[in-house]
Every structure is written in structure tokens, then in C-alpha cells.
Amino acid sequence: MNANLKTNSAVPVTILTGFLGAGKTTLLNRILSEDHGKRIAVIENEFGEAGIDNELLVQADEQIVTMNNGCICCTVRGDLVRILGELSDGRESGELQFERVIIETTGLADPAPVAQTFFVDENIAENYQLDAIITVVDAVHAHHQLAEHHEAQEQVGFADRILLSKTDLQEPEIVLDLETRLRAMNPRAPIKHVHFGQTELGDILDIDGFNLDDILKIEPDFLEDISHEHEDDIRALVYQTDRPLDAARILAFLNIMIRDYGNDLLRYKGILNIAGCEQKVIYQGVHMLMTETFGNPWQADEARESSMVFIGRNLPKEDMLEALASCRVGV
């Protein structure tokens, strides 16, 4: 049977990829909040044991599964097969109701091993159909990321659609140069600009964009080579505390980190319990570009805990943990 031919019972799957901080979760929120009438199962993968991104997703009536004990393309690939199997069993028994699956990979994931899952595992291939790989590219940092990280190159090379984010923060001539570079890397993937995830759902869902024959022309050993390793010097540092944080001290810490280690900070994000603030404070950043927003109010029955993740190269872990501990109120 043609690997790209969708059966009536196969559930379409979209792999949402892109390097750290490109805007994948923003796009996923856009999809989940749209009035499209589709029931979607979401598999969320994070690099590091703290599930920050799951907290940032809209509270939609969806089935959301978080995988945060490793990267989906290597150490927890077996978990992906297991979760897809459990979702399929739940759907067949009537316990779960969903019409499609979206997998949001960690920003450090190579999409190839994830895509392979839908062809080399017999049970998965029988129940799911890989619809498309959607890659979000950060217009501000892409040139550097593509030069420094093999995963960023693979994400572009395997894309069926490329969504270019943060173009409003970059010079037009640099954006144009980036588009030329992306087309040279992957001439078959249409490129569209997105602003905070705003794009037509018809451009990213049910597009039947993944063509195995095309992939085999690019990478003939696609179905055989399942090995993948990350750069050894990239690590995730996680800090969690149930004590409130001092707003001035945590801001000073973040500013120092950005000033001294901005080039090595690939991604940082957190949900903070700030003393005297009844709302969650959410910060996200890539290199030296950081945003801070207010989230939902803390609920009366909710544990007020701060959770932060820093993903970077050669970060001073012990010094960072000591500095973060000093940001707690009462220290």
C-alpha cells in the first residue's frame, strides 16, 4: 500500500517542530483555541523534567499528554510509541474521543526519528497517518541557529510547511535573505509569515503534505537510520521552589544572565510565584530577547510554586542555583 495513502480509520498526525523559542507553543495555542470543531489529542515534549509548556497551553477540552523525561527523538521514543498505542486503545474503546493528533517536539528534536515512528512500527502505521511536519522558524535567531545546530537544519529540511515567526522584530532585508536560504535548503516547503501563531488552519492541518518518496530521495536511509544524539554541551537546568520570589531580585538575576550568558542561553522559560502578586508571572526568552507577561490568577486550591527551565551551553549551574535560591523571600 502507498505509505502516503490515508485509510478511513487512520488518525492524521501533525508534527510541530522548530528550534528553541521559535513559537511552537504559541502556534499550538492558536490551533487549540480556534473554533474548528475538531477534537485533538496533544503530545507535548519538553527538554527537562519540569513541564512548563503544558502550563502555558490554553485550557482546552483536549487530551494532552506531556513527555518531559527526555527528548522525543531519542531517549523517550519508546514512550511515544507507548502513548500513541494508549491513545489508540482509548479511542477504540470509546474512553477517548479525538480526531487527530498534534505532536509538539522539543526545540532540540530532530524530526526524522519522530517521523520514522509512523512507518517502522507496524501498530502505529496501522492506526495513524503522518499528515505533515510543520516547522516554525525564528526570523531573529535563525541564521545563527542554522549555522550552529544540526537539529535546526533537519527541522527545515524535513518540513512540509515553514512558518516564519518574529519577522516584525527583524530587518526586512534580513528576512528576505533568510527566506532565500530556507528555500535553498528545502524548495518543496511553502513559506508563510506568522504573527503570534496567526495563520490559516487549512495551511497546517489536513494538508496530506508528508511524502515518503520525497523524503527517501533526500535521505535514502530514512527508514533504517534511527540513531540520534544531542550536542554534549547543551544541558537543561531546572529550578523549582514553593517559596515566593522577590520581584526585584529575580529580575536582576535574569538581567545578569542575559547580559553575561545571553549567547549561550538557547531557551529559558518559567512560571513564577512573585510575592504580593495574585497572578502567575510568565517569562520566556531566547538568547537576549525576553518577554514577561501575567498569566492566570493563582487558584485558592493551587500550590503556588515557581518552576523555571534554562536550556543552554556551558551554563554555570551551581552559581545559578545559588543565585536563584537567594531570590526567595525571607532569604
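Only the coordinates and a few stated rules stand behind these numbers; no lab work does. Only a predicted model underlies this, so the values are computations on that prediction, with no experimental measurement involved. All Cβ positions, even for glycine, are placed from backbone atoms using ideal geometry, and neighbour counts span all protein chains on display.
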The range 234-325: antiparallel DSSP beta bridges as a percent of all, rounded to 5: 95 percent
Whole-Hz ³J(HN,Hα) from phi, Karplus 6.51 cos²θ - 1.76 cosθ + 1.60, for the range 94-99, glycine and proline x: x, 6, 10, 10, 8, 10
Cα gyration tensor, the range 234-325 - rounded (a/c under 1.5), prolate or oblate: prolate
Mean Cβ count within 10 Å, highest first, over the residues of peptides 150-162, 257-269, 101-113: 101-113, 150-162, 257-269
The range 234-325, dipole about Cα centre (Lys/Arg Cβ +1, Asp/Glu Cβ -1), debye to the nearest 20: 320 debye
FRET efficiency estimate (nearest 0.05) - Cβ-Cβ, GLU318 to ALA248, R0 25 angstrom: 0.60
Ranked by how many other beta carbons lie within 10 Å on average, peptides 175-184, 137-146 from highest: 137-146, 175-184
Amide H contacts of TYR128 (H built 1.01 Å from N, under 5 Å, at least 5 apart or other chain): VAL11
Virtual spin-label span in nm between GLU278 and GLU302, 7 Å along Cα→Cβ: 1.3 nm
Cα→Cβ-extended label distance, 7 Å offset, between HIS150 and GLU122, nm: 3.2 nm
Packing rank of 121-133, 14-26, where each peptide gets the mean count of other beta carbons within 10 Å, highest leading: 14-26, 121-133
